[in-house]
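> Below: one structure in structure tokens.
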Amino acid sequence: MKHFLRVVTQFFVFLYCKCLWRGLKFVTRKFTGRCELQRICYSNKPGARRTLKIESSLRYSKYELLRSALSVHPDQVEKTIDDIMALKKINPDTNPQLGVSLQASLLQIVGYRSLMAEVEKLRREPYDSENTEHESMLMKLWKELRPDTPLTGRISKQWCEIGFQGNDPKTDFRGMGLLGLQNLLYFAEHDRTAALQMLQDSLQPKHNELNQPDWEQKVPDKAIGYSFAIVGINITDLAYSLLVSGALKTHLYNVAPEMAGLQHFQQIFCYLMQEFQRFWIEEDPSDIMEFNRVRSKFHRRILRQLKNPDMALCPHFSASDLHLVNL
């Protein structure tokens, strides 16, 4: 019975998308004198609301040109916009802003796909101890996090001091590959104060109860108790899953005026690391064995936030700063 109802529901959804929805679009265009893309651009400000609607309109269009626009090369975006406006019989001279708005949104869309490909490539690249570039990044991570403590050897128990599980960090990067190392290094270099404080807090003993003054002052030696580097690799996995699922479109379409780059993803990682630390303190788990439960709950919390089309995860990373990165 459930299967039958599911089939019937899918049939009506298909019928709506193929017939009723397109019929409604036709009537609306005749009534307003504008196509769907025009109505979206003129009634929505720049950001995720507009770009997500444009993306949906292109994906479900009956025209192959519009559907294929979602996967064009960034260099072909301008020509693709000209072709779309010609197909829709829109005069660019009387609608100059439309072309600009469509181009910005389409660059965001193809930029998201490009970012996913770049992140996936890093994730699939295993850490290679024979690669001097990989080794150099790992050594730099140690120097950033433990500037006053020389490393006695490449294979050393000292790695546990920054949150790796054993004598050789190489084994901890197997899940996220080079992406995990790059994120940790970016955090240590670009948000160094927060990274060092988080590392220091993570090394402190865990206490289950905080009195009100301690809670308000966020006394670190009564709050944490986890492995910094391992948490970083886990948060990298969380950020990756948000990216692949499309959940990060809301944030990236709101903060990146055009194409998002790897730096945008790394800034999201920095934000998630700091937010997870706060969340861990709020949850006050009894020990590290509760990590997966806390992580799952944190993941759901971020997903709920990203359902708001006006949401931007990193308010301290301004859109103007990110625009300079794009330039």
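Read-outs throughout are calculated quantities, based only on the coordinates presented, and are distinct from any laboratory measurement. Note that the structure is a prediction, hence the values are computed from the model and not measured. Methodologically, a virtual Cβ is constructed for each residue, glycine included, from the backbone with ideal geometry; neighbour enumeration extends over all protein chains shown.
> Between Lys62 and Glu125, how high is the FRET efficiency from 1/(1 + (r/R0)^6) when r is the Cβ-Cβ distance and R₀ = 56 Å? Nearest 0.05. Write down the numbers at each step before the final one.
Values: r = 40 Å, r/R0 = 0.72.
It comes out at approximately 0.90.
> If you don't mind, there's one more thing I want to ask. Need the full-extension length gain, Asn167 to Ala194, defined as separation in residues times 0.36 nm minus the C-alpha distance. One decimal, nm.
Stretched out fully, the Asn167 to Ala194 stretch lengthens by 7.2 nm.
> Between Gln204 and Lys307, what is the spin-label point distance in nm, taking each point 7 Å from the Cα along the Cα→C-beta axis?
Between Gln204 and Lys307, the label points sit 3.5 nm apart.
> Something else about it: Given the C-alpha centroids of segment 243-315 and segment 166-193, what is the distance between them in whole angstrom?
Measuring centre to centre over Cα atoms gives 18 Å.
> Turning to a different aspect of this structure: Once the Cα atoms of segment 46-123 are picked out, what are the Rg and Dmax in Å?
So, for segment 46-123, Rg and Dmax equal 13.0, 46 Å respectively.
> Treat each spin label as a single point 7 Å out from the Cα along the C-beta direction, and report the Phe291 to Glu118 distance in nm.
Taking the two extended label points, one gets 2.9 nm.
> Distance in nm between label sites at Gln263 and Val100, each 7 Å beyond Cα in the beta-carbon direction?
It works out to 2.4 nm between the two label points.
> Of Tyr112, Cys41, Ser68, which is farthest on the positive side of the dipole of segment 34-113, counting Cα position, with +1 on Lys and Arg Cβ, -1 on Asp and Glu Cβ, and the Cα centre as origin?
Cys41
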